[in-house]
Amino acid sequence: MARRQAPEINAGSMADIAFLLLIFFLVTTTMDVDTGLTRRLPPPIEEEIEDPPEVKQRNVFQVLVNANDDLLVEGEPMLVSELREAAKEFIVGDPTFSDESMPEGKMTNVPILGDMMVSKQIVSLQNDRGTSYEMYIKVQNELVAAYNEVRDEFAVAKFGKSLSELEKESATSEKAELQVDAVKDVYPQRISEAEPKEIGGQ
């Protein structure tokens with residue numbers, strides 16, 4: 001008597017099932033997105049470098065962080081919680097540009113607003129090689145927040161809306177786009193990061 005052969009399983013659709021499972025996992029799986037600071041890297045150094053223009057001390061807001069995570073602002077010890085207000089005061093400066101302790105002004109053609117004096121302010125940040133990453137991020141956050149708050153206050157005063165609101169509208173409104181450019185021209189974010197050095201601790 002002949003033995004009965006076991007029926008074969010039709011595996012023709014297995015590839016389709018595997019493909020559908022692959023699509024399912026690709027769609028439903030979440031990916032961790034690395035977060036960081038938005039910074040533009042400097043361009044490559046050219047062989048022939050001209051001497052950089054001299055920057056007056058009154059135009060520079062110096063922020064130093066040593067190896068012990070101590071903060072030194074304009075040569076004086078300061079808490080991180082006080083940094084934002086100090087930076088805002090410097091960024092806004094003196095409206096008359098007559099105060100020798102505040103940044104100078106430069107006549108600039110600003111979109112919508114026309115010719116006006118704009119501060120030459122620069123925030124200079126330097127940390128020690130031993131500075132903790134956590135402290136570095138805290139200082140960065142406070143400086144960026146200072147610029148954001150100054151810009152928002154100016155935007156509300158001039159255009160009745162915060163900068164973030166204007167940026168949302170700028171996608172569909174040319175007027176809002178010009179207003180955003182005006183705010184950023186009046187208060188450009190200038191955070192200069194010097195190469196880390198051995199500042200040491202106290």
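The values are calculated or read from the model by the stated rules, or taken from the named source; none is laboratory data. In this text the structure is predicted, and so the values were computed from the model without any measurement. Cβ placement follows ideal geometry from the backbone for every residue including glycine, while neighbour counts extend to all protein chains displayed.
Scanning segment 141-156 for residues being surrounded by fewer than 17 Cβ atoms within 10 Å (Cβ to Cβ) and touching a residue at least 40 places away in the same chain (Cβ under 8 Å) gives a total of 1. Take the residues of segment 99-115 that are closer than 25 Å to E177 by Cβ and surrounded by 14 or more Cβ atoms within 10 Å (Cβ to Cβ): which is modelled with the lowest pLDDT? In this case the residue turns out to be P111.
The residues in segment 65-83 that are buried (at least 19 other Cβ atoms within 10 Å of the Cβ) and under 18 Å from the mean Cα position of the chain (by Cα) can be counted, and the count is 1. Among the residues of segment 76-99, those identified as over 20 Å from R190 (Cα atoms) and either out of contact with any strand residue (DSSP E or B) (no Cβ under 6 Å at 6 or more places or on another chain) or in contact (Cβ under 8 Å) with a residue 40 or more places away in the chain (or both) are E76, P77, L79, S81, T96, S98, D99. Here M102, M117 are screened, and the one residue that is in a loop (DSSP other than H, G, I, E, B) and of a type in the set (A, V, I, L, M, F, W, C) is M102.
When restricted to residues that are among the charged types (D, E, K, R), farther than 25 Å from E104 by Cα and at pLDDT 90 or above, segment 171-200 contains 3. Tell me whether segment 88-95 contains one or more residues that are surrounded by fewer than 15 Cβ atoms within 10 Å (Cβ to Cβ), within 18 Å of A182 (Cα to Cα) and out of contact with any Cys (no Cβ under 9 Å at 6 or more places or on another chain). For segment 88-95, residues surrounded by fewer than 15 Cβ atoms within 10 Å (Cβ to Cβ), within 18 Å of A182 (Cα to Cα) and out of contact with any Cys (no Cβ under 9 Å at 6 or more places or on another chain): present. Checking each residue in segment 120-134 for being part of a strand (DSSP E or B), polar (S, T, N, Q) and in contact with a helix residue (DSSP H, G or I) (Cβ under 7 Å, 6 or more places away or on another chain) picks out only N127. Only a single item in (1) farther than 24 Å from G75 by Cβ; (2) surrounded by fewer than 19 Cβ atoms within 10 Å (Cβ to Cβ); (3) not basic (K, R) is not met by M135, and it is number (1). Scanning for something aliphatic (A, V, I, L, M) and in a strand (DSSP E or B), does segment 143-162 turn up at least one residue? No, every residue in segment 143-162 fails to be aliphatic (A, V, I, L, M) and in a strand (DSSP E or B). So, T108, is that one in a loop (DSSP other than H, G, I, E, B) and either polar (S, T, N, Q) or touching a strand residue (DSSP E or B) at 6+ places or on another chain (Cβ under 7 Å) (or both) or not? No: the conditions fail for T108. Every condition in (1) touching a residue at least 60 places away in the same chain (Cβ under 8 Å); (2) surrounded by 15 or more Cβ atoms within 10 Å (Cβ to Cβ) is met by E167 except one, and the failing one is (1).
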